[in-house]
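This report refers to the structure that appears directly beneath it.
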Amino acid sequence: MSQAVTLYNLFIASPSDVAWARAQVRQTVNAWNEIHAKHSAAVLLPVGWERSSAPNMGRPAQELINEKLLSDADILVGVFWTKLGTPTTEYDSGTVEEIERHILAGKPTLLYFSGEPVALDSVDREDYERLVTFKKSCRDRGQYHTFDTASQFADDFNRHLAMHMNDLIGTSASPVGGTKIFSNDELSDSAKILLAEAAKDTQGSVFVIRHLGGTAIQTNGRNMTASNERREIARWEGAVDQLVRLELLVGRDTKGEVFEVTTLGYEVADSF
């Protein structure tokens, strides 16, 4: 069944060294849409120069980006780490130009600065100094946010996005995974049991241990898989997958074996 929705454009502004952050922003926006679009009648569309622009000769690239993408943006998210970017004809970088023009338009502008360690020999010192100068210029013009890890950025941006969307659409939308967005049908019984048990674990950890005899899913000193029957294992694997998809658990390794409860996960567990 179709329904009328309001489309909000979210512009992603960042230099080349934070591609992972752009991907995270898109992931969080997509998750917000999955949870909130139907009930809020609002849809967020992430846009940026990487995916939303096409080749066009005859005019400066930044001018085209400003006209085709930035002018329609309702929210801007800017992320920096070690680079400010390439200067344009009017501003210190294309990213800075996008941010400054959006601020002048009086629209919500979310700025993030990463404090994650970096090898000094991989940093362009001149570019980094320009970034430091820009960051200082932002101090007296509003509030920006700093983070130290990718997982912290994911959690923080998720929460901040919900706050700004509340203001834009005037609804009670919660952060992705927040307590208001789950009904009994949206989390499986197994997912609820697993999350509640993981929240009691001192480290908030969930382990998926695969061995020749089957798979064990453990948390808080408890083995959730009571048997090695494939049906039983699949049920608990599905619970882990659902909690990760809804950002109530986050993976902590590359093998899909170690997970931890997120801030939102604890909030949901406390509501059970």
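Values quoted throughout were computed directly from the atomic coordinates according to the rules given, and no laboratory measurement underlies them. None of the values given here were measured: they were computed from a predicted structure. Note: ideal-geometry Cβ built from the backbone for every residue, glycine included; neighbour counts use all protein chains shown.
Dividing the mean sequence gap of close Cα pairs (under 8 Å, 6+ apart) by how many residues segment 6-169 holds gives a relative contact order of 25 percent. Relative contact order, whole percent, for segment 226-267 stands at 26, derived from Cα pairs under 8 Å and 6 or more residues apart.
Have a look at His145, Trp236, Leu248 and report the one farthest towards the positive end of the charge dipole of the chain, computed about the Cα centre with Cβ charges (Lys/Arg +1, Asp/Glu -1). Farthest towards the positive pole: Trp236. Helices in the chain, meaning DSSP H runs of at least 4 residues, each add -39500 (n - 2.57). Divided by all residues, the mean residue ellipticity at 222 nm is -13500 deg cm²/dmol. Each peptide in 239-246, 147-154, 113-120 receives the mean, over its residues, of other Cβ atoms within 10 Å, and ordering these scores from highest gives 239-246, 147-154, 113-120. When DSSP beta bridges are restricted to pairs lying wholly in the chain, around 40% turn out antiparallel. Remark: C-alpha extents of segment 188-235 on the principal axes read 29, 22, 12 Å, sorted largest to smallest.
Scattering from the chain was approximated by placing one identical point on each alpha carbon and applying the Debye formula without solvent; log10 I(q)/I(0) at 0.07, 0.10, 0.15 1/Å stands at -0.31, -0.61, -1.12. A cut-off of 5 Å between modelled amide H atoms, ignoring neighbours fewer than 5 places along the same chain, links Asn9 with Leu45, Asp74, Ile75.
Footprinting exposure proxy ranking of Thr6, Thr263, Thr254, fewest other C-beta atoms within 10 angstrom first, gives Thr254, Thr6, Thr263. Annotation: amide H of Trp81 within the under-5 Å range of Ser114, sequence separation 5 or more or interchain, hydrogens built in the peptide plane. Scanning the chain for DSSP H helices at least 30 Å long along the axis (C-alpha atoms) with a Kyte-Doolittle mean no lower than -1.0 picks out 19-40. For segment 179-270, the calculated P(r) over all alpha carbon pairs, in 10 Å bins from 0 to the bin holding the longest distance, is 17, 55, 25, 3, 0 percent.
Of all stretches in the chain that contain no GluC sites (Glu not before Pro) in a DSSP loop with at most 16 other Cβ atoms within 10 Å, the longest one is 91-185. Averaging over all projection directions, the Cα-based convex hull of segment 67-154 occupies 6.4 nm² in the image plane.
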